[in-house]
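Beneath this line is the structure, given in structure tokens, with notes to follow.
Every read-out reported here was derived from the displayed coordinates using simple, explicitly stated rules and does not represent laboratory data. On a predicted model such as this, the values are computed, not experimentally measured, just so you know. Don't worry about glycine lacking a Cβ; one is built from the backbone with ideal geometry, like all the others, and counts go over all protein chains shown.
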Amino acid sequence: MSGPQDIHDYLAAFDDIPGTRVFTAKRARQGYHLNQFAMSLIKAENRERWKAGERAYLDEWPMSEDQRQAVLARDYNPLLDLGGNIYFMAKIFSTDGQSFLQAVSTMSGMSLEDYSAMMIAGGRSPEGQRSIRDKR
Amino acid sequence: MARITAGVASSHIPALGVASDLDKTAEPYWAPAFAGYEWTKRWEEEQKPDVVILVYNDHATAFDMKIIPTFAIGCAEEYQPADEGWGPRPVPVVKGHPDLAWHIAQSCILDEFDLTIINEMEVDHGLTVPLTMMFGKPAAWPCRVIPVAVNVVTYPPPSGNRCWALGEAIARAVASFPEDLNVQIWGTGGMSHQLQGERAGLINREWDNHFLDRLEGSTQELRHIPHIEYLRETGSEGIEMVMWLVMRGALGATTRTLHRHYHVPASNTAVGHIVLEPVGE
């Protein structure tokens, strides 16, 4: 890692990881207002306003309609596709009273019970999950 | 003169903080994760560090998308525990050490590490959970803390090599501080975990333990692990382990392991913890 590295090669490799959205500059730019909206929920008074009217609160932010709909649906994989970052999205599910375990399980395509059991059994194996191209 | 006497690494999983705050640490799910810190709690009581340089990452708390510093150092008198969306943790205020922090900031900048200086911020679970794991639930934290925040959220984070070299620069800075201080450096975050997407829940016990093995001794193998390897092998959030390399770099050429702990799971994550001491050169 010492010395200059080609940024194009560096970024291209991320697309070869199964089931993963790396938070690159492209996503950070696309999701800027989505993430800043979520960040605003760090303040208790904003959480109260949000709970009182989600749609009206979202309309105060210059987000795309896709982003707004995915927030209202708490559909986290599409939110990541639309530029959301998990630590910012955490402000939304924390406001809902959800733990990281509960919210993350919804992205895995598994029930909370099955996901929790998988974690207690040692987590998801990296076998076959490292590279789409190399199937390893 | 100030001296770095030990290095500590630990996961900073928020659920560990919640388990402590709600007095659930004896429950069967949590007990094995916490048991591996009992040795360290006793050891810290004997060591009585004056200052802990605590390397961690902010999780959309002090830094939002407006400003993304790669390396930042806290130079404030104190830091309040942040409200991360579920109310602030009921833990003591974190007292800083502005004299040493400013000294490190100035020294590192002259040493070509252009740190961002923070004079006001709140601190999230990334910083307060390690304090809980090492010190339990005291009325006041038993030492001063210098937060060193590393961006591992927006890509690219700094390379492992750069983190290691920052540790070396911090060690040089500490060694030139005239006050007689017992300083520890902690690296936090990790180990393997993925909090997003269909691959969520990934854990790599073998890789994590290989990493722990190589923090000891004089090997510098870890500083050359590329980001893509962390991503493939340890999940998208396993990249936090680059912060352990700031700690390792600060310990000098050779280290010895005093204590080591590994447990799966806590929430979505593999708990890793190690206590190292520098071996005299």
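FRET efficiency for A:LYS43 and A:GLU113, Cβ-Cβ distance as r, R0 = 35 Å, nearest 0.05?
Values: r = 34 Å, r/R0 = 0.97.
Working from the Cβ atoms, E equals 0.55.
Name the most mobile residue of B:GLY36, B:GLY74, B:GLY249, meaning the one with the largest mean-square fluctuation, in a Gaussian network model of chain B with Cα contacts below 10 Å.
Result: B:GLY36 has the largest fluctuation of those listed.
Residues in region B:190-228, backbone N under 18 Å from the label point at B:THR257 (7 Å along the Cα-to-beta-carbon vector): list them, ranges by number please.
Under cut-off, by backbone N: B:190-192, B:204-223.
In region B:243-265, which residues have a backbone nitrogen under 15 Å from the label point lying 7 Å from B:SER218's Cα in the Cα-to-Cβ direction?
What the label zone holds, given the 15 Å backbone N cut-off, is B:252-256.
Which value at 222 nm does the protein assembly as shown reach when only helices count, each DSSP H run of 4 or more adding -39,500 (n - 2.57), with the total divided by all residues and rounded to the nearest 500 deg cm²/dmol?
Values: 19 runs with 167 residues, N = 417.
Mean residue ellipticity at 222 nm (helix-derived): -11000 deg cm²/dmol.
List, in order, the whole-Hz ³J(HN,Hα) value for each residue of region B:150-167 obtained from phi through the Karplus relation with A = 6.51, B = -1.76, C = 1.60 and θ = phi - 60°; use x for Gly and Pro.
Residue by residue, region B:150-167 yields 10, 6, 10, 9, 9, 7, x, x, x, 5, x, 4, 5, 5, 4, 5, 4, x Hz.
What number, in percent, do you get for the relative contact order of chain B if the mean sequence gap of Cα pairs under 8 Å and at least 6 apart is divided by its residue count? Write out the running numbers ahead of the final one.
Numbers: 632 pairs, mean separation 88.0, N = 281.
Taking the mean separation of contacting Cα pairs over the length of chain B, I get 31 percent.
Quick check: pseudo-label points 7 Å beyond the Cα along Cα→Cβ at A:ASP75 and A:TYR10, how many nm apart are they?
Between A:ASP75 and A:TYR10, the simple spin-label model gives 3.4 nm.
Within 10 Å of each residue's Cβ, count the other Cβ atoms and sort B:HIS125, B:HIS263, B:HIS210 from fewest upward.
Fewest to most other Cβ atoms nearby, the residues stand as B:HIS210, B:HIS263, B:HIS125.
For the protein assembly as shown, what is the number of Lys pairs with C-alpha distance below 19 angstrom, counting only pairs 8 or more positions apart or on separate chains?
Lysine pair count for the protein assembly as shown: 12.
For B:ASN119 and B:GLU78 in one chain, what is 0.36 nm times their gap in residues minus the Cα-Cα distance, to one decimal in nm? Before the final figure, lay out the partial values.
Details: separation 41, 0.36 × 41 = 14.76 nm, distance 0.92 nm.
Value of the extension gain: 13.8 nm.
So, in nm, how far is label A:GLN102 from label B:ARG42 when the simple model puts each one 7 Å beyond its Cα toward the Cβ?
That separation, rounded to one decimal, is 3.8 nm.
Once you charge only the Cβ atoms, +1 for Lys and Arg and -1 for Asp and Glu, what is the size of the charge dipole of chain B about its Cα centre, to the nearest 20 debye?
Values: 20 positive and 36 negative charges, 88 e Å.
With Lys and Arg at +1 and Asp and Glu at -1, about 420 debye.
Build a GNM of chain B with springs between Cα atoms under 10 Å: which of B:LEU110, B:LEU131, B:LEU258 gets the top mean-square fluctuation?
Its mean-square fluctuation being the largest, the pick is B:LEU110.
When the chain is fully extended, how far beyond the present Cα-Cα distance does B:ALA140 get from B:THR5, taking 0.36 nm per residue of separation? Don't skip to the end; give the middle numbers.
Numbers: separation 135, 0.36 × 135 = 48.60 nm, distance 2.23 nm.
Once the chain is fully extended between B:ALA140 and B:THR5, it gains 46.4 nm.
In whole Å, what three semi-axes, largest first, describe the equivalent ellipsoid of chain B built from its Cα gyration tensor (square root of 5 times each eigenvalue)?
On the way: eigenvalues 120, 92, 79 Å².
Result for chain B: semi-axes of 25, 21, 20 Å.
Using every Cα-Cα pair within region B:1-55, state what percent have a distance larger than 16 Å. List each step's numbers first, then the result.
Numbers: 794 of 1485 pairs.
For region B:1-55, the fraction of Cα-Cα distances above 16 Å is 53 percent.
So how far apart, in nm, are the two label points at B:GLU179 and B:ALA35 if each is 7 Å from Cα heading toward Cβ?
4.0 nm
Which whole-number percentage describes the relative contact order of region B:1-134, with Cα contacts under 8 Å and a sequence gap of 6 or more?
Here the relative contact order equals 37 percent.
So which residue, out of B:ASN119, B:ASN161, B:ASN57, gets the largest mean-square fluctuation from a GNM of chain B using Cα contacts under 10 Å as springs?
Among B:ASN119, B:ASN161, B:ASN57, the largest mean-square fluctuation in the Gaussian network model of chain B belongs to B:ASN119.
Take the Cα of B:ILE109, step 7 Å along the line toward its Cβ, and report every residue of region B:162-176 whose backbone nitrogen sits under 20 Å from that point.
Residues passing the 20 Å test: B:166-176.
Skipping prolines and chain starts, which residues have an amide H placed within reach, meaning under 5 Å, of the one on B:LEU258, given they are 5 or more residues away or on another chain?
B:VAL275, B:LEU276, B:GLU277
What fraction, in whole percent, of alpha-carbon pairs in the protein assembly as shown exceed 29 Å separation? Spell out each step's value before the answer.
Values: 35732 of 86736 pairs.
Result: 41 percent of Cα pairs exceed 29 Å.
What is the mean number of Cβ atoms from other protein chains located within 10 Å of the Cβ atom of each residue in peptide A:79-87, rounded to a whole number? Working shown, then result.
Numbers: counts 1, 3, 1, 0, 0, 1, 6, 10, 12.
Mean shielding count: 4.
Just tell me how shielded A:30-37 is by partners: mean number of partner chain Cβ atoms within 10 Å of each residue's Cβ, no decimals. Don't skip to the end; give the middle numbers.
On the way: counts 0, 1, 3, 1, 1, 4, 4, 0.
Neighbouring Cβ atoms belonging to other protein chains average 2 per residue here.
Can you give me the relative contact order of chain A as a percent, contacts being Cα pairs under 8 Å and 6 or more apart?
Details: 105 pairs, mean separation 39.4, N = 136.
Relative contact order here is 29 percent.
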